[in-house]
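Here, each number is a calculation from the coordinates, and none is a lab measurement. Being a predicted model, the structure only gives us computed values, none of them experimental. Heads up, the Cβs are rebuilt from the backbone with ideal geometry, glycines too, and the neighbour counts pull from every protein chain shown.
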Amino acid sequence: MEHELQRRIAANEAVFREVNEGIARGQWPGEEDDPVSFRCECARLGCNVLVTLSVHEYERVRAHPRRFIVAPGHELAEVESVVQNGANYVVVEKEDEAGDVAEEFDPRE
């Protein structure tokens, strides 16, 4: 996949990750194990799918700046690989240029 397309995909997904960061911060203390609806962080334009996981599960994904949560079937094999399957979500890890961009746009770095 071309360099510029990988950058654009990773940058779009980073925007959804920022939305999910706000969702995680908005939970009350003590609710970290309760199910929460997060936005799918895939590259599909117009995707509005919600995936449910706990804040603790989300934090485990976010511990790696190249990893994102997506709905099953929303993986993009050209730029990412599946590293975990959840009950209703998949964790993907960006590779190559897309991985570099994911790290660059990580709000936690």
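Points worth noting:
- For Val61, the criteria (1) crowded, with 18+ Cβ neighbours inside 10 Å; (2) of a type in the set (A, V, I, L, M); (3) over 17 Å from Arg25 (Cα atoms) hold in every case but one, which is (3).
- Every pair of residues 6+ apart whose Cβ atoms lie under 8 Å, when the first sits in segment 64-84 and is touching a residue at least 60 places away in the same chain (Cβ under 8 Å) while the second is buried (at least 18 other Cβ atoms within 10 Å of the Cβ) and in a strand (DSSP E or B): Leu76/Val92; Val79/Lys94
- Taking segment 14-60 as the range and being part of a loop (DSSP other than H, G, I, E, B) and either under 14 Å from Val92 (Cβ atoms) or under 13 Å from the mean Cα position of the chain (by Cα) (or both) as the test, the residues that pass are Cys40, Glu41, Cys42, Ala43, Arg44, Cys47, Val49.
- Complete set of residues in segment 61-102 that are under 13 Å from Ile9 (Cα atoms) and assigned to a helix (DSSP H, G or I): Asp96, Glu97, Ala98, Gly99, Asp100, Val101, Ala102
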